[in-house]
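First comes the structure, then the notes that go with it.
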Amino acid sequence: MRGVVERLDLEGLGVVRDGRREVHVPFTAPGDVVEVKKWRRKKRTLIATDFEVVEPSPERTEPVCPYFGVCGGCLLQHIPYERQVEFKEEKLSTLLGMDIKVIPSPVIYGHRNRIDVVISTRGIGFRRRGTWWDAVDIEHCPVFGEVSGRILRSLREFIEDSKPSLYEIRRNEGFLRYIVIREGKFTGELMVNLVTSEGSLPERFPEYFDYADSIYWSVNRTQSDVSYGEIERFWKAEFIRERLDDVTYLIHPNSFFQTNSYQAVTLVRKVAELVDGDSVLDLYSGVGTFGVYLAKRGFKVEGIEVNPFAVEMANKNAELNGVEASFMVGEDRDVESLARYDTVIVDPPRAGLHPKLIRKILKDKPPSIVYVSCNPRTLAQNLEVLGEKYAVESAIGIDMFPHTPHVETVVKLKLKV
């Protein structure tokens with residue numbers, strides 16, 4: 001079938017109509033004329049698997065990354081960034097039923113502070129789009145930055161000299177599995193974490209990365225295809241640091257941190273701006289990204305997080321910054337009383353708030369909630385239920401993820417009088 005891309009769907013795929021049938025085509029832009037040769041059904045949606053852009057749209061721009069279109073990381077590099085932001089505003093408005101502005105990222109290449117690179121017999125790079133068994137061999141990653149090229153060159157030198165076995169993805173065999181690169185964008189500090197299966201790592205390994213501030217070897221002793229493991233050994237610094245305004249955070253290989261440091265600054269500032277009162281509960285507090293930042297500004301902060309290691313890191317970050325904030329291990333829904341806090345911050349995983357927590361919010365009725373969401377679909381579902389007793393006072397989008405259809409949303413809710 002041949003047709004014109006009418007629009008982007010909510011996942012960033014171009015929509016081509018053939019009578020009553022719609023086919024969703026990746027890497028296309030509104031106005032493209034495409035020839036679709038094959039497609040597959042994913043739930044109720046037809047996804048093109050073999051297609052050609054026969055007449056490019058004038059709306060297109062030239063992608064910066066040479067691997068765009070085959071790598072599974074970015075989907076929208078061919079769309080001008082201003083239009084990407086408009087697309088995300090349209091997406092949020094559709095899903096949430098309100099007009100929401102999206103704050104653009106000040107940096108759209110070199111913005112990611114972490115990438116997980118598979119070291120496989122198929123290639124050293126990222127998964128080929130639409131596969132779990134194949135990889136795209138890359139020299140560097142433009143969305144991470146130039147230092148990625150240096151690290152991957154060093155990795156290839158190590159492989160050439162030491163001849164370790166590489167990951168055979170389909171058979172789940174091989175010693176080397178992943179190299180995870182993390183960088184403090186505001187500090188310039190660099191971490192390299194080599195993830196392997198069980199085995200022996202040559203003693204000279206860290207010499208190939210002597211320019212890094214922190215070098216780790218992690219071992220994945222499970223059958224799972226994951227880019228983390230138990231820490232076997234580290235060289236040089238135990239942590240690298242990132243700095244958001246006047247707050248410094250310690251970064252460990254196994255700790256989560258927002259992947260776009262430039263927009264993480266925007267995010268913590270926005271959350272601080274929306275907090276009411278003095279007493280704050282930081283649910284899903286992680287490594288204290290919000291809690292420590294708020295404590296630095298004089299708020300009385302308590303944080304709750306289910307991951308004990310994240311709590312340990314949050315308390316380290318509080319101590320490092322000389323602030324008083326209490327972070328504890330616990331379930332999001334097990335707080336004794338939400339009513340004693342002026343503001344409750346929630347930053348749940350993609351699945352959204354647990355139903356028990358929503359019921360507790362509606363029962364305890366804290367006066368103010370700041371909801372940080374990475375998934376507008378579950379956010380919309382949660383807001384509908386919370387709307388029984390809460391009104392949306394403000395909502396803003398923050399583009400943490402340029403060149404992808406993903407967007408962060410921050411919503412302030414006030415208890416209805």
Whole-Hz couplings from phi, Karplus 6.51/-1.76/1.60, listed for the stretch 147-164; x for Gly and Pro:
5, 4, x, 5, 5, 5, 5, 5, 4, 5, 5, 4, 5, 4, 7, 9, 6, x
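Using DSSP, restrict attention to beta bridges with both residues in the chain and report what percent are antiparallel, rounded to the nearest 5.
Working: 67 of 97 bridges.
Bridges in the chain that DSSP calls antiparallel: roughly 70 percent.
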Rank Glu189, Glu302, Glu22 by mean-square fluctuation in a GNM of the chain with C-alpha springs under 10 angstrom and give only the top-ranked residue.
Glu22
Excluding residues on the same chain fewer than 8 positions from Lys316, give the lysines whose Cα lies under 26 Å from its Cα.
Lys185, Lys236, Lys270, Lys296, Lys300
Hey, of [x] 21.2; [y] 28.3; [z] 24.0, which did the structure itself give for mean projected area of the Cα convex hull in nm² when calculated?
[x]
Can you tell me which of Arg20, Arg221, Arg127 moves the most in a GNM of the chain? Springs connect C-alpha atoms under 10 Å apart.
Arg20
With all pairs of different alpha carbon atoms counted, what Kirkwood hydrodynamic radius in Å does the stretch 126-261 show?
15.8
Where the accessible area of the chain is counted over protein heavy atoms with a 1.4 Å probe, how much of it, in %, is carbon and sulfur?
48
Defining a contact as two alpha carbons under 8 Å apart and six or more residues distant in sequence, what relative contact order in percent does the stretch 267-309 show?
42
How many angstrom separate the Cα center of the stretch 303-359 from the Cα center of the stretch 151-209?
34
For the stretch 26-131 the mean separation of alpha carbon contacts under 8 Å (6+ apart) over residue count, i.e. relative contact order in percent, is 21
Links that overshoot a 24 Å alpha carbon limit, given the list Lys363/Lys414; Lys365/Lys412; Lys101/Lys360
Lys101/Lys360
Starting from the Cα of Lys389, draw a straight line to each of the aspartates and glutamates and keep only those under 14 Å, dropping any in the same chain fewer than 8 residues away.
Asp364
Tell me the relative contact order for the stretch 239-391 as a rounded percent, counting alpha carbon contacts under 8 Å between residues six or more apart.
20
So how many Å³ per residue does the convex hull of the Cα atoms of the stretch 304-392 work out to?
107
Please give the net charge around Leu274, taking every other residue with its beta carbon less than 11 angstrom from that of Leu274, where Lys and Arg add +1 and Asp and Glu add -1.
+1
Explain nothing, just compute: Karplus ³J(HN,Hα) = 6.51 cos²θ - 1.76 cosθ + 1.60, θ = phi - 60°, for every residue of the stretch 360-371 in order, whole Hz, x for Gly and Pro.
5, 4, 5, 7, 7, 6, x, x, 9, 10, 10, 9
Under 12 Å, Cβ to Cβ, from Val417 - net charge with Lys/Arg +1 and Asp/Glu -1:
+4
For 311-321, 47-57, ranked highest to lowest by mean beta-carbon neighbours within 10 Å, the order is 311-321, 47-57
Choice from Ser200, Ser285, Ser93 showing the highest fluctuation, given a GNM over the chain with Cα pairs closer than 10 Å:
Ser200
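The values are calculated or read from the model by the stated rules, or taken from the named source; none is laboratory data. From a predicted model like this one, the values you see are computed outputs, not experimental measurements. Ideal geometry is used to build each Cβ from the backbone, glycine not excepted, and the neighbour counts take in all protein chains shown. All accessible areas refer to the heavy atoms of the entire protein, side chains included, with ligands and DNA or RNA removed. Shrake-Rupley method; radii C 1.70, N 1.55, O 1.52, S 1.80 Å.
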